[in-house]
Amino acid sequence: MRTKRFAAPGRAYGPLMTVISTTPTGTTAPSPSGAPRPARPFVGELRLDAFASHRRTVIPLGPLTLITGTSGSGKSTALRGYEALARLAAGDPLEEVFPDPAAWVPEGAAADAQGRRGFRLGCTVEGPVGPVRLDLAVQAEPALRIVGERLTDCGETLLSTALLDPRRSAVQAAWHTAGAVAVTRAPFPDDRLGTALLPLRVAGTTDGQLRVLAAAEQVVVALRSAFACDPQPRRMRAAVPVGEGRLTSSCDNVSDVLHRTRSQCAQRHARLVAGADAGCAGRVTGLTAERLEDGTVRAMAERGERESTPFARLGDGELRYLAFALVLLTGPHVLVVEPAAEVPSAIQGLTVLADGFDRSLDARQTAELLALAASICADGHMRLLGTVGEAAAAAARGTAGVTVVDLAP
């Protein structure tokens, strides 16, 4: 998933930066409980109130969260819900995020008298302004549209939208002002996330407006930098043209990325080689990309001074292991993800969405990858939300820094 830049022209996330700049680096003013608030916004809870197989599902999210459960329990669906919110926060239109909206309507959900059916989801974002809730109601039938959105800070509604006229492709938005007028009302398009539109609509001239903007910006910053990663070994084995060296979600251009990282990110590349040696069969002394006569490059695992193995000969588990290790060790600068250029890197993070984090991996590879992920996520710059099977979940429960969420069937 490629996230997009989305901010008001000329606005460098001012209200949120004002909150951060008034307090020491790394934390902001303490919460009512006395605990310091984080400077880097993050999604602390995902809610799937009525989304496909989920009913009132609440998933707490730590730096490294693994979702497990029986087949059909909705593990992958939970990741799709997070990804949908991330794409909407990045400014993607509703029809691109949900090309088959009926697929997300809960099974057995009956239509109302007007033939309408839909789904609901949301999240809570922790950050410098405190916990901010975003709740979304989407109508899937008869027409796809956002029919209700609510942005809440400390129990107070800062933004709400409602569909007043089904004949119009707009909703009525109302946001907190706390100036001469307590609430400002205006039409918003029904195919966009209103929270992401607020930096374009709110002037920020009153304390109330600044509060709304800071809350909205916190949610957008936390959600938008997400990278959905599902390595496809079959596609990773092929030689590829030399490109910009940014890893795709399927990791099919891993040869091109290794060609770049070996020369430009020597320290991270060395850590990747060490990880490959720990997680692959046989000794690995280097990872490189060999240029072929047709101008393409193919990835190679070096086994010593004179021996190497093309990635085409590696097993599925080895390739998925290497792909996830590459994502964890390199971060957004080599991934197809566009963090907000107008937001300082000190308050930005990256959330990796890893469906089947342990798929095709053996027990040793799973343990190595979990340890690496826990180490990387502990420093706060990267978070990971993945799905795993029962064996990997059992192993993860003994790993420090890992949150395991078991979905009931």
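The values are calculated or read from the model by the stated rules, or taken from the named source; none is laboratory data. Every value quoted in this text rests on a predicted model; they were computed, and no experiment measured them. Cβ: placed from backbone, ideal geometry, glycine included. Neighbour counts: every protein chain shown.
Each residue in segment 287-314 was checked for being surrounded by fewer than 16 Cβ atoms within 10 Å (Cβ to Cβ), part of a strand (DSSP E or B) and of a type in the set (Asp, Glu), and 1 pass.
Of the residues ARG120, ARG80, ARG116, which single one is of a type outside the set (Gly, Ala, Ser) and more than 30 Å from VAL402 (Cβ to Cβ)? Working first, answer last.
Details: ARG120 fails: more than 30 Å from VAL402 (Cβ to Cβ); ARG80 fails: more than 30 Å from VAL402 (Cβ to Cβ).
That would be ARG116, the only listed residue that is of a type outside the set (Gly, Ala, Ser) and more than 30 Å from VAL402 (Cβ to Cβ).
Looking at segment 270-303, which of its residues are among the acidic types (Asp, Glu) and under 21 Å from LEU369 (Cα atoms)? Even if it seems obvious, please write down each step before you answer.
Looking only at segment 270-303, we keep the residues that are among the acidic types (Asp, Glu), and these are 277, 290, 293-294, 302.
Across segment 270-303, the qualifying residues are ASP277, GLU302.
Residues that are within 17 Å of the chain's Cα centre (by Cα) and surrounded by fewer than 21 Cβ atoms within 10 Å (Cβ to Cβ) within segment 95-121 comprise GLU96, PHE98, listed in sequence order.
Determine whether ARG211 is basic (Lys, Arg), modelled with pLDDT of 95 or more and either within 26 Å of GLY81 (Cα to Cα) or crowded, with 19+ Cβ neighbours inside 10 Å (or both). For ARG211, the condition - basic (Lys, Arg), modelled with pLDDT of 95 or more and either within 26 Å of GLY81 (Cα to Cα) or crowded, with 19+ Cβ neighbours inside 10 Å (or both) - is not met.
Go through ALA222, ALA238 for me and flag whichever is surrounded by 18 or more Cβ atoms within 10 Å (Cβ to Cβ), among the hydrophobic types (A, V, I, L, M, F, W, C) and in contact (Cβ under 8 Å) with a residue 12 or more places away in the chain. Full working, then the answer.
Working: ALA238 fails: surrounded by 18 or more Cβ atoms within 10 Å (Cβ to Cβ).
After ruling out the rest, the residue left standing is ALA222.
Across segment 315-342, the number of residues qualifying as in a loop (DSSP other than H, G, I, E, B), surrounded by 22 or more Cβ atoms within 10 Å (Cβ to Cβ) and at pLDDT 90 or above comes to 0.
If the condition is being touching a residue at least 40 places away in the same chain (Cβ under 8 Å) and within 20 Å of PRO332 (Cα to Cα), then segment 225-235 contributes SER225, ALA226, PHE227, ALA228, CYS229, ASP230, PRO231.
Taking strands (runs of 3 or more DSSP E) as the structural unit, those lying wholly within segment 38-130 and holding at least 3 residues that are farther than 20 Å from LEU193 by Cα and either of a type outside the set (Lys, Arg) or assigned by TED's automatic domain parsing to the domain that holds GLU390 (or both) correspond to 54-60, 64-69. Against the numbered list (1) among the β-branched types (Val, Ile, Thr); (2) part of a strand (DSSP E or B); (3) within 16 Å of GLY148 (Cβ to Cβ), THR195 comes up short only at (2).
The numbered conditions (1) over 30 Å from ALA140 (Cα atoms); (2) touching a helix residue (DSSP H, G or I) at 6+ places or on another chain (Cβ under 7 Å); (3) surrounded by 16 or more Cβ atoms within 10 Å (Cβ to Cβ) are all true for GLN232 except (2).
Check off (1) at pLDDT 95 or above; (2) part of a strand (DSSP E or B) for THR184 and give me the number that stays unchecked. Failed condition: (1). Across segment 149-167, the number of residues qualifying as part of a strand (DSSP E or B), surrounded by fewer than 18 Cβ atoms within 10 Å (Cβ to Cβ) and not aliphatic (A, V, I, L, M) comes to 2. Among the residues of segment 133-148, write down those that are surrounded by 17 or more Cβ atoms within 10 Å (Cβ to Cβ) and outside any strand (DSSP E or B). Across segment 133-148, the qualifying residue is only LEU144.
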